Amino acid sequence: MRALALLAFFAFMAPAMAAPRGLPRPVAQALARASIPAGAVGAIVEPADAGAPIVSNQADVAMNPASVMKLVTSFAVLDNLGPAFRFHTDFLAAAPIADGVLEGDLVIRGGGDPKLTYERLWQAAHQLRARGLREIRGDIVIDRAYFAANAGFDPGRFDNEPRRGYNVGADAFLVNFGAVQFTFTPEGEGVRVTAEPDLPSIEIASRVRSVPGACDWWRKDLRYDVQPNGMLALASFSGSIPADCGVRRFTLAVLDPAKFTESVLRWIWSEAGGTLRGKVRAGSTPIDARLLYSAESEPLAVLVHDMNKYSNNVMARQLFLALSTEKAGMPGNEAASAELVRAWLAQRRIDAAGLRIDNGAGLSRDDRISAATLAALLRAAWQSPLMPEIAASMPIFAIDGTLKGRPATDAAGHAHLKGGTLNGVQSVAGYVVDKHGRRWILVMMVNHANGNAAQPAIDALVQWTFEGAGR
C-alpha cells in the first residue's frame, strides 16, 4: 500500500519535478498560424506554491510587457504603503469665514488621489457648504506639490492620440481621471451621444449612424474630433456603429488639464449653491491656512483592484508616483519611483535583470521585464499576506474586467490574469487553477510585428494549464 501511495504521489508531482519544456503543442500551433516564431515569446508556467517550471521559453529575455507591468506597480505599492493606505485631498481656508463668506482664497491641496471622481468632488463641495461656506471672494488655489512638476509631459508622445483618456498625465489634483466619458446609445437609425460629467462647457455634435451588422470592433468606423476654445470644447462624432454592439462608452480628454479642472470646479461649486468671485489658479498652501475638510480616498487595495480589473493607465501613473512621495519624502517623480521599485525587488531577492519601468502603467515602448522576473514576483505575492488583494485585483479569465471577452472555454472562471496589449505586444500573467485543483503561475509575453495575433496562443496556454499542465 505504501508503495502504491508513493507511486501516486510521484505521478502527481511529476510535472513539477520534470525538466522544463518549451511551448506546449497547442500554443506552438497557434503561434505558427499567426506566423510568430517561438523566439518572439517569453513564457513560463510553474507551480504557485513551489517547484521548478514545467514550461520555459525565452524566460530570461527582457521583453515589453505592456499593461502586465501594472502587476509590478500593484505589488510594490501594496507592500510599501499597505492595503489600508488612503489618499487625502484637503480643502483649506486661507482667510477667515464670516456669515458664509470666505474673505480670501480656498486652497485645495492635492494628495495624488487616483480616483477623485466627479461624484466625490460633488460630495466635497457639499461638505464645504454644510460647514457654512457659501461664497469665496478670493481664488480657488490648487496646490499640486505632492507630485513633481512635469511641464514637459506630452499626452500625444506615446501614440499621437493626445485626447485619448489613457494618455492623461499624472496630477496631484486629478479630477475625474482628467477626462469625459461619452456614451453611445443606438436609437433607430441614429446614435444618441451623452457625456459624463455633463458639463455646460462641453458641446456634443453627433452624426453617428446605427447600421446593421455584427459587432466585431465597435469603433472601427467611428470618427471623433475635439475642438477646444478656451474654457469651452466641441466634441464631434461621425461615422457608424453596428447596432448589435448596443450601448458603448469612449473616454476623451476634451480640455487641457488645468481648464478641465477649472470647468469641473466651477460647475460643481455652482451646483452646490456656492459663489466664486475669483479665479482658479495654481499655488502653494499658506502656512496659516485652516483645514475645512479632507476628502479621503478608498483604501489602496480597492484602488489597485479598480486599476487592474479595467487596466486604468491613469490610476497606475498616480500610484507609481505616490510611491516616491510617500517613501522618499519628495514630490513624486518617475525616476525616483523606478529606483524604489528596483531596490524593493532586490530586497525581496527577486532577480530583475533587464527591468525598465517608465511610468508604472506599461504604457511605454521602452518598458522591459522578463517572464522569469514576473513569475518570481507572482510567487512572492502568492506567499505574501497580500496574496488575496493581488489575485482578486486581476480580471477573471473570460468572466470580467478586460478579459470578459475571451472565449468561454473550460478554463473560464479558473484563472486570475492581467492582460496587456500594445501594437506588436500581447501579454498575460497571473494565476491558474487547473481542473485538479492545483494552482499555477503563468506568464506569456509576445513581442513581434504580428504580436496582436497571438491572443489565441495565449488562450491556448491558459487552457493547457487548466487541463493539468500536460499531466
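Brief remarks on what is shown
- Order by protection proxy (mean Cβ within 10 Å, highest first), peptides 243-253, 439-449: 439-449, 243-253
- Segments 355-363, 157-165 sorted - mean Cβ within 10 Å per residue, highest first: 355-363, 157-165
- For SER238, net neighbour charge (Lys/Arg +1, Asp/Glu -1) across residues whose Cβ lies under 12 Å away: +1
- Cα coordinate range in the range 151-288, projected on the principal axes (Å, largest first): 63, 37, 22
- Comparing Cα centroids, the range 42-83 and the range 228-307 end up 34 angstrom apart.
- If R0 is 25 Å, the Cβ-Cβ spacing of ALA346 and ALA52 corresponds to a FRET efficiency of close to 0.60.
- Cα gyration tensor shape for the range 118-160, rounded if a/c is under 1.5, else prolate or oblate: prolate
- Once the Cα atoms are used to define both axes, helix 455-466 deviates from the longest principal axis of the chain by about 60 degrees.
- Distance between the 7 Å Cα→Cβ label points at VAL247 and ARG365: 3.9 nm.
- Using 0.36 nm per residue and subtracting the Cα-Cα separation, the extra length available between LEU232 and SER270 on full extension is 12.0 nm.
- Separation of the range 434-460 and the range 177-208, taken as the distance between their Cα centroids, equals 36 angstrom.
- Pairs of alpha carbons in the range 268-383 separated by more than 18 Å make up 67% of all such pairs.
- For the chain, the antiparallel share of DSSP beta bridges with both residues in that region comes to about 75%.
- Cα-based convex hull, the range 86-245, per residue volume (Å³, whole number): 160 Å³
- For the chain, adding -39500 (n - 2.57) for each run of n ≥ 4 DSSP H residues and dividing by the number of residues yields -9000 deg cm²/dmol at 222 nm.
- Note on the range 383-456: semi-axes of the ellipsoid equivalent to its C-alpha gyration tensor, largest first and rounded to whole Å, are 22, 14, 12.
- Shape category assigned to the range 291-355 from the gyration tensor of Cα positions, a/c cut at 1.5: oblate
- Counting all C-alpha pairs of the range 329-427, share separated by more than 15 Å (%): 70 percent
- Quotient of the Cα radius of gyration of the range 11-153 and 2.2 N^0.38 Å, N being its number of residues: 1.86.
- Counting charges near PRO286 (Lys, Arg +1; Asp, Glu -1) among other residues having Cβ under 15 Å from its Cβ returns a value of -3.
- Using the Stokes-Einstein relation with a Kirkwood hydrodynamic radius computed over Cα pairs, the translational diffusion coefficient of the chain at 25 °C and a viscosity of 0.890 mPa s comes to 102 µm²/s.
- Phi-derived couplings, Karplus 6.51 cos²θ - 1.76 cosθ + 1.60 at θ = phi - 60°, listed residue by residue for the range 327-339: 8, 9, x, 9, x, x, 8, 5, 5, 5, 5, 4, 5 Hz, with x used for Gly and Pro.
- Summing +1 for each Lys or Arg and -1 for each Asp or Glu among the other residues whose beta-carbon sits under 10 angstrom from that of PHE173 gives -1.
Rule-based calculations on the coordinates, nothing more; no lab input. For clarity, every value in this text was computed on a predicted model and none was experimentally measured. Cβ atoms come from the backbone with ideal geometry, glycine included; neighbour counts cover every protein chain shown.
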